[in-house]
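For reference, the structure is listed below as structure tokens.
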Amino acid sequence: MSVIDWRINQAQNQMIGTIASPFYQQYVDGDSWVWACDVDIGQDEPLRSVPVASSNREIIYAELGKSVLLTRMNDGKWCISGLSKTCMGREHIIYMTFMDDLGSIARESWSGSLTRLLTLGELGDLGPGAFGAIPLGAHGRFAPDGTFIAILES
Amino acid sequence: MRVLPADLEAAQEAVVRRPAYKVLAFDRSQDSISAIVSGQYAQEPFDLTAYCTDIKWSPDKLDFTLSDPDGLFHPDSGVHRAYVGNGAIIRLLEGDQAVPETSWIYSFTGFIRGQIGWNKSRRNSTAMAQVAVFSRENNQALKRRSITSKKYTVGTELGIMVRDLLSTFLGLTDAEIRLPATLGLQFKHQVNQIAQMAPWDAISKLLETVGKVPCFDGDGRITFIDKNLHRLPDRVLPDSTRILDYQVPARNQDTINKVRVISLDSQLSRVESPYQCLGNAQVTTGFFSMGEKLPVWWGEDKRQRASGTGLIVKKSVNSGLLPVGSESYREVDEFHGEIKVSISCWVPILATAMLVEYLAMAAIPDDVLTFGVGAEEGITIPVGRILQAQAMIVIMLIMMSMGSAQYEVWGTPYDYAYLELKATAIVDGLEYWEENEKEVKNDFLGSQDRVDALAMLELTWEVSNANPRTLVIKDDLALERGDILQLPDGRKFFISDMSKAVQRGAVPVLSLQGFKVMTA
């Protein structure tokens, strides 16, 4: 039964993610290229170089932090097939211990990240130099507890 | 747990038990399953008991051998073939000879699917049929067709939707439903609907929110298995008198040690995009256009929303020689703003005055200077043209000051989206590569508290499931799947499956498959 569940999970053909880089031209061979970007799917490492489904103008004009729908292609790769009405949230992780017949909560934490506009104060503090090194409107990635993780390119 | 009549309960407790049973068959063409389950049927059920041997019972399936020397149940020619034909309803009635039949209980209600296996052998001169009867939930019609329910608004009890689905798509009457009218949970989303799901999946998904799994009981009524292990035992075995065997079977499967539950928040969350140019506008001003109002939309389809918008003047109307007007911006609503360009009133007045002056000055004659009396040559002194040129310079100055202006509106586009609510319950101390995950998706939960609760319940269930036990006891008609037994040593045992062989003159030995209960 578990094996069947695993197979079903493997066969899932849609998931949501968040755009984590500007769109760029990805050369699949020497000549031809497709629009692609990195997508945050809630894991430690973003999904890299995810191509955009053909002729999808609205996606190419989507910006960092926008929630997108990913669809698995026939070859198993993921592509961005549209904008999503749902977006990834934080994840509450509950660690449990089971001793004899009793289970109890050992500890709790939150995972995931939050992408938001940098405040004026953060623009001054987080940049490599003085105020002005990071452009107004830049986005940052933060841990659920507010800890700064990274500045996103825009 | 099934509540037994007091006299049957007492008979089960007696030192000497005289168990009895009947196998009853119903012709489906005469009465519906609803009528039979609710006791409102018109036909006299056919008693198969005398023909039945080798009866094997489980909640899902009833198997028995039908001795048929006279060919009464032959699928082609049997007089009583309608009672074992496709769709015939078979019920197992169990009790004790010490109590009247009215106190007996139905421990199985199900259908015959397809055709029974009937065999007549010349070698031993026997004729018999193998009959397999399946419980009501083992019905593909509940699991294959797709349904779409009506919508239910926020605040509606989930139990109401469950009842509607049961009556509309499963055709169950109130007498066939052994579920509580309310589940203690209300919808959090504005619109709630089941779309393109199998009816059984839809019921399962709704009951999943409160940790329950639907099933049919021995009476043929829909009920549930409660996954909540943190409840009092249904039956307490004070001593080992009834227990015949207790086994800890081997289990060679990986254990689920991580459960992730995903739901959708009932509230929309605002999702902002980077600060950017939302739109632009340009205008060409004229002498007599006193002002222009330029609407700027944030998106081509006029549906993009934005906040914190402001005007950036790329080229002003006052970038000429003279300041000829003013420009302002206001955000009309979340979808668009308006740029207003006002031309100062002196511009048309002055332009008009200068035009009039230009015309008037044209009427001033020039002075003429001649060189003496009778001279044929002379020059004019351009008094009027100088005054005319003066007016023209002013007009041209105004013209040169006015021209086109270009503007951009910048702001932060935003939209609303449903946030995913996630909770992961995981056994503490696992390394990353040891995780064996199960994912549950249910959009009816609607709040983080519920998502958390379901994740912990499912993990406790899975961890308990990893400790299978088998308990063999003397038959207890009150027990059902999902019951919790308390063993004499105080440990709890969850019944996930049951089976027994029913035979005449002997107390059936009930084999209970389940697991050791862990509570959290």
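The values are calculated or read from the model by the stated rules, or taken from the named source; none is laboratory data. Quick caveat, the model's predicted, so the values are computed rather than measured. Quick reminder, even Gly has a Cβ in these numbers, built from the backbone with ideal geometry, and neighbours come from all protein chains shown.
From the list B:Leu512, B:Leu479, pick out the single residue that is within 18 Å of B:Ala250 (Cα to Cα), more than 11 Å from chain A (Cβ to nearest Cβ) and of a type outside the set (Lys, Arg).
Testing whether each residue is within 18 Å of B:Ala250 (Cα to Cα), more than 11 Å from chain A (Cβ to nearest Cβ) and of a type outside the set (Lys, Arg) leaves just B:Leu512.
Would you please list the contacts, defined by Cβ atoms under 6 Å and residues six or more apart or on different chains, that run from a residue in segment B:445-468 that is facing another protein chain (nearest Cβ under 10 Å) to a residue that is polar (S, T, N, Q) and surrounded by 20 or more Cβ atoms within 10 Å (Cβ to Cβ)?
What qualifies is B:Val451/B:Ser263.
Just wondering, is there one or more residues in segment B:227-238 that are under 30 Å from A:Leu114 (Cβ atoms), within 13 Å of chain A (Cβ to nearest Cβ) and at pLDDT 85 or above?
no
Identify, by number, the condition in (1) surrounded by 13 or more Cβ atoms within 10 Å (Cβ to Cβ); (2) within 20 Å of B:Met290 (Cα to Cα) that B:Cys345 doesn't meet.
Evaluating B:Cys345 over (1) surrounded by 13 or more Cβ atoms within 10 Å (Cβ to Cβ); (2) within 20 Å of B:Met290 (Cα to Cα) leaves (1) as the failure.
Any residue that is touching an Asp or Glu at 6+ places or on another chain (Cβ under 7 Å), more than 30 Å from B:Pro488 (Cβ to Cβ) and crowded, with 21+ Cβ neighbours inside 10 Å - is there at least one of those in segment B:210-217?
Scanning segment B:210-217 turns up at least one residue that is touching an Asp or Glu at 6+ places or on another chain (Cβ under 7 Å), more than 30 Å from B:Pro488 (Cβ to Cβ) and crowded, with 21+ Cβ neighbours inside 10 Å.
Going by the structure shown, is B:Gln115 of a type in the set (S, T, N, Q), touching a Pro at 6+ places or on another chain (Cβ under 6 Å) and not assigned by TED's automatic domain parsing to the domain that holds B:Val191?
Yes: the conditions hold for B:Gln115.
Condition test on B:Val79, is it free of Cβ contacts under 8 Å to residues at least 60 places away in the same chain, of a type in the set (A, V, I, L, M, F, W, C) and part of a loop (DSSP other than H, G, I, E, B)?
The answer is yes for B:Val79.
If I ask for residues that are touching a residue at least 60 places away in the same chain (Cβ under 8 Å) and within 11 Å of another protein chain (Cβ to nearest Cβ), which ones from segment A:112-129 would you list?
Within segment A:112-129, A:Gly112, A:Thr115 meet the criteria.
Output the residues belonging to segment A:130-154 that are within 12 Å of chain B (Cβ to nearest Cβ) and loosely packed, with under 14 Cβ neighbours inside 10 Å.
Once the filter is applied, which keeps residues that are within 12 Å of chain B (Cβ to nearest Cβ) and loosely packed, with under 14 Cβ neighbours inside 10 Å, segment A:130-154 yields A:Pro135, A:Leu136, A:Glu153.
Regarding B:Leu359, is this residue free of Cβ contacts under 8 Å to residues at least 24 places away in the same chain and either more than 14 Å from every other protein chain (Cβ to nearest Cβ) or of a type outside the set (S, T, N, Q) (or both)?
Yes, satisfied.
Using the structure shown, decide if B:Ile349 is closer than 14 Å to B:Thr285 by Cα and at pLDDT below 90.
So B:Ile349 does not fit the description; no.
Taking segment B:253-275, which residues are modelled with pLDDT under 80 and touching a Ser or Thr at 6+ places or on another chain (Cβ under 8 Å)?
Within segment B:253-275, B:Val271, B:Glu272, B:Ser273, B:Pro274, B:Tyr275 qualify.
When the residues of segment B:4-49 are narrowed to those that are acidic (Asp, Glu) and in a loop (DSSP other than H, G, I, E, B), which ends up surrounded by the fewest Cβ atoms within 10 Å (Cβ to Cβ)?
Filtering first and then ranking leaves B:Glu44.
Residue-wise test of (1) outside any strand (DSSP E or B); (2) over 19 Å from B:Glu272 (Cα atoms); (3) in the same structural domain as B:Ser404 (by TED's automatic domain parsing).
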position	(1), (2), (3)
B:Gly299	yes, no, yes
B:Val313	no, yes, yes
B:Val317	yes, yes, yes
B:Leu322	yes, yes, yes
B:Asp333	yes, no, yes
B:Val341	no, yes, yes
B:Ala351	yes, yes, yes
B:Met354	yes, yes, yes
B:Glu357	yes, yes, yes
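Can you say whether B:Asp443 is in contact with a His (Cβ under 8 Å, 6 or more places away or on another chain) and either buried (at least 21 other Cβ atoms within 10 Å of the Cβ) or over 22 Å from B:Ile426 (Cβ atoms) (or both), as far as the supplied structure shows?
Here the answer is yes, as B:Asp443 does meet what is asked.
Please report, ordered by residue number, the helices (runs of 4 or more DSSP H) entirely within segment B:122-221 with at least 3 residues that are free of Cβ contacts under 8 Å to residues at least 24 places away in the same chain and over 15 Å from the mean Cα position of the chain (by Cα).
B:158-169
Any idea how many residues of segment B:409-429 are farther than 15 Å from B:Arg450 by Cβ and either at the interface with chain A (Cβ under 7 Å from one of its Cβ atoms) or of a type in the set (Val, Ile, Thr) (or both)?
Total satisfying the criteria: 7.
Look at segment A:73-106 and say how many of its residues are more than 7 Å from chain B (Cβ to nearest Cβ), over 16 Å from the mean Cα position of the chain (by Cα) and surrounded by 14 or more Cβ atoms within 10 Å (Cβ to Cβ).
Summing the residues that are more than 7 Å from chain B (Cβ to nearest Cβ), over 16 Å from the mean Cα position of the chain (by Cα) and surrounded by 14 or more Cβ atoms within 10 Å (Cβ to Cβ) in segment A:73-106 gives 1.
In segment B:370-389, which residue that is surrounded by 10 or more Cβ atoms within 10 Å (Cβ to Cβ) and over 30 Å from B:Met399 (Cβ atoms) is farthest from the chain's Cα centre (by Cα)?
If we take residues in segment B:370-389 being surrounded by 10 or more Cβ atoms within 10 Å (Cβ to Cβ) and over 30 Å from B:Met399 (Cβ atoms), then B:Phe371 is farthest from the chain's Cα centre (by Cα).
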